[in-house]
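**Student:** Pasting in a structure now, in structure tokens, and then I'll have a few things to ask.
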Amino acid sequence: MSGARTTIRRRPRRKLAFWQLAAGLIVLFAMCFFGLPLLWLFLAATQTDASLFSEPPLSFGSWENVGQTWTNLVTYEGTQLGTWALNSLIYSVGGVGLSLVAALPAGYALATHAFPGRRAILLVTMVAMITPNAAVVLPIFLEMNLLGLNNTRISIILATAFFPFGVYLAFIYFATSLPREILNSARVDGASPWQVFRWIALPLAKPAIALIAFFSFVANWSNYFLAFVLLSDDELYNLPVGLTSLISGARALSFSAATGIPVRRPEAIQAALLLVLPVLVIFLFSQRFIRTGQLAGSEKG
Amino acid sequence: MRRAHVPAHPPPGRWGVTAGMASGTAQLARALRARKRRNAITAYLFLAPYLVLLLMFGMFPVGYAIGLSFFDTISGAFAGLSNYMLALEDFRLRRSFVNVFTYVAIWVSLMLAGVITLAVIIDMMPRRLGTAVRTMTFLPGAVTSAAVVVLWLFLLDPLVSPFGGVYALFGLGNRFQVIDAIGLASVFALMGFFAYAGGWIVVLHGALTALPEEVMEAARMDGCKPVAMAWRIKIPMIWRSIALMAVLSIANGLQLFVEPHLLGLAGPQLARNDWSLNQLAYQYAFSLGDFGVSAALSTITLALAMSIALWIVLGTRFYRIDQ
């Protein structure tokens, strides 16, 4: 008590206002709500199925456990972890690549050319961008069924290559950040429209390319609904679909104690981590873009 | 995002044409028209890859689903509205509607309260600290789809959850009791809030930082206290972003599928295969093989989503069409 009194005497500080206290508590609560689960996910991956229950939550197990869990996950007969990871990579990279190929010239034309139909295309693009992806998954399935493209790699890649938000981003970027004078002088110098786009507009569009690739990759990597509906062959599964089919097949999360299958809770946790880590790393490295208001169009929910 | 370099109407062709030259000879008018046409052809060449994808994965599936919803897909005969009648008579549809609307109501309220409060508080914090808190709330956005369900099945289990103390406080001993006590709609709302709040905090925080400093300064001079300032000045000034968040959340919430679908991972007791509207549509296509009814249900949810989207684009000015 005397200590407190001396502090007060030494430095007569302003009293902490009630709202500051409340705000502090709210932030503390939010840090727990958003932070603890992530921390727990990493720490729980170091436990065994038994120590997950016996040890207090948020305690570190051992690196050995991590290795053992990983071996269980990779060697279990139902697992095709490598195939699924590769598929995820193929779908994501293919989707990102094709969406860039389509979105950049489209956004460029919409921003720099006046032509009949321009307004209609922009309107449709924006409606498609705001309509949630999940709303068209079953219609796309019905269409693929008609075309006989169900259960193929190309169906996933093509469906995710349609990325209207990317077109919108490219359009905004070219409309606001591309100096007209440069384009004009290139044209006067006799450059063809393609040359103007390829050698002048594209090199200036690096930030837009990064932004589109970022949003497209994050959306494709964790794509569950579409892949689940379109793919029925487990050789073609991406990571989210493959891992959940593994977890439910091995009943890793159900109450039944001993299934005799080596895929249990820690394996499920590591599988989830495998899904989360690439995006988490990208998030950490892309802090630069994230502060822009551009996120508004990408937030689906 | 200003429109600095963009003239309201881009020049019709190349600019060699001055007003004096275009003094009316038929030849010149023809040349201009040809130039305009060339310009349009160029634009459509640039647009071609995107337009193909737009037709294939935007227009066609929507049109096809609408068309299919009027056919009996098993016999192939035109069926009028009977698919819709079948869907509407299904007792599960009403339940799914109630489920999804409850979920959306809870989720959107959570987002409004949580995201606005946190964005405003972060805005008042010292910059470094604010950035750290914002990043912390943003990172769970990496935990999506399948991973968010796996994670939350553990978080809801008192035996392993870091929030075990909270459950003990309410005397909840196992996962089923916890889920029962919270209610499925709230469980999905919590999952959604955990994953998506951070992205919107960034958006609202961006809107707050863009507010004119003079207004804040003037309010401060008039003796406005921080809480009143947040409530009476800052939040009203960013209402457009807030409304956008609410509307987009509603549009997306109606499409709920992954979370209830994957809940069965924790055992058959929790499995729900017709909890949400999209699940019901999925059941019709995959369990019953009745694509017609499935298409009718998809058309209903799609109509909801697209009317919201159309309203945002045409009725508000969140996204701009004209340069």
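The values are calculated or read from the model by the stated rules, or taken from the named source; none is laboratory data. Only a predicted model underlies this, so the values are computations on that prediction, with no experimental measurement involved. Quick reminder, even Gly has a Cβ in these numbers, built from the backbone with ideal geometry, and neighbours come from all protein chains shown.
**Student:** For region B:211-285, please list each of the helices (runs of 4 or more DSSP H) lying entirely inside it that holds at least 2 residues being of a type in the set (Asp, Glu) and within 30 Å of B:ILE122 (Cα to Cα). Spell out how you get there, then give the answer.
**Tutor:** On the way: elements: B:213-221, B:226-229, B:239-253, B:258-262.
Qualifying helices (runs of 4 or more DSSP H): B:213-221.
**Student:** Another one. What pairs can you find where one residue is in region B:300-323 and more than 7 Å from every other protein chain (Cβ to nearest Cβ), the other is loosely packed, with under 15 Cβ neighbours inside 10 Å and at pLDDT 85 or above, and their Cβ atoms are less than 7 Å apart, with a gap of 6+ or different chains?
**Tutor:** none
**Student:** Hey, can you tell me all the residues within region A:213-222 that are of a type in the set (A, V, I, L, M) and within 12 Å of chain B (Cβ to nearest Cβ)?
**Tutor:** Within region A:213-222, A:VAL218, A:ALA219 qualify.
**Student:** Cβ-Cβ below 9 Å, separation at least six or inter-chain, first residue in region A:195-218 and part of a loop (DSSP other than H, G, I, E, B), second of a type outside the set (A, V, I, L, M): which pairs?
**Tutor:** From residues that are part of a loop (DSSP other than H, G, I, E, B), the pairs are A:ALA205/A:GLY107; A:ALA205/A:TYR108; A:ALA205/A:TYR173; A:ALA205/A:PHE174; A:ALA205/A:SER177.
**Student:** A follow-up question, please. Residues in region B:152-162: is at least one more than 10 Å from chain A (Cβ to nearest Cβ) and either surrounded by 24 or more Cβ atoms within 10 Å (Cβ to Cβ) or within 28 Å of A:GLY242 (Cβ to Cβ) (or both)?
**Tutor:** yes
**Student:** Considering only residues that are more than 7 Å from chain B (Cβ to nearest Cβ) and modelled with pLDDT under 90, look in region A:122-136 and name the one that is farthest from B:LEU47 (Cα to Cα).
**Tutor:** Here the residue is A:ASN133.
**Student:** For region A:119-181, which helices (runs of 4 or more DSSP H) that fit wholly inside it have 1 or more residues that are under 20 Å from A:GLY97 (Cβ atoms) and free of Cβ contacts under 8 Å to residues at least 60 places away in the same chain?
**Tutor:** Passing ranges, in order: A:153-161, A:164-177.
**Student:** Of all residues in region A:24-60, which are modelled with pLDDT under 90, surrounded by fewer than 18 Cβ atoms within 10 Å (Cβ to Cβ) and assigned to a helix (DSSP H, G or I)?
**Tutor:** Listed by number, the residues that qualify are A:SER51, A:PHE53, A:SER54.
**Student:** OK, next. Is it the case that some residue within region B:202-209 is in contact (Cβ under 8 Å) with a residue 60 or more places away in the chain and under 30 Å from A:PHE60 (Cβ atoms)?
**Tutor:** no
**Student:** Does any residue of region B:193-203 turn out to be within 26 Å of the chain's Cα centre (by Cα), assigned to a helix (DSSP H, G or I), more than 14 Å from every other protein chain (Cβ to nearest Cβ) and closer than 20 Å to B:ALA246 by Cα?
**Tutor:** no
**Student:** How many of the residues making up region A:253-283 are part of a loop (DSSP other than H, G, I, E, B), among the hydrophobic types (A, V, I, L, M, F, W, C) and either over 20 Å from B:PHE176 (Cα atoms) or more than 8 Å from every other protein chain (Cβ to nearest Cβ) (or both)?
**Tutor:** 4
**Student:** If you don't mind, there's one more thing I want to ask. For the structure I just gave you, tell me whether B:ASN99 is more than 27 Å from A:PHE42 (Cα to Cα), touching a residue at least 60 places away in the same chain (Cβ under 8 Å), in a helix (DSSP H, G or I) and touching a strand residue (DSSP E or B) at 6+ places or on another chain (Cβ under 8 Å).
**Tutor:** Criteria not met by B:ASN99.
**Student:** Restricting to region A:223-252, name every residue that is in a helix (DSSP H, G or I), under 22 Å from A:ALA161 (Cβ atoms) and more than 10 Å from every other protein chain (Cβ to nearest Cβ).
**Tutor:** Across region A:223-252, the qualifying residues are A:LEU226, A:LEU230.
**Student:** Applying the selection to region B:153-176, what residues are out of contact with any Ser or Thr (no Cβ under 8 Å at 6 or more places or on another chain) and either within 20 Å of B:SER109 (Cα to Cα) or without any contact (Cβ under 8 Å) to a residue 12 or more places away in the chain (or both)? Before you say what the answer is, go through the steps one by one.
**Tutor:** The first filter runs over region B:153-176 and keeps only residues out of contact with any Ser or Thr (no Cβ under 8 Å at 6 or more places or on another chain), leaving B:153, B:156-166, B:168-176.
The answer is B:VAL160, B:SER161, B:PRO162, B:PHE163, B:GLY164, B:GLY165, B:VAL166, B:ALA168, B:LEU169, B:PHE170, B:GLY171.
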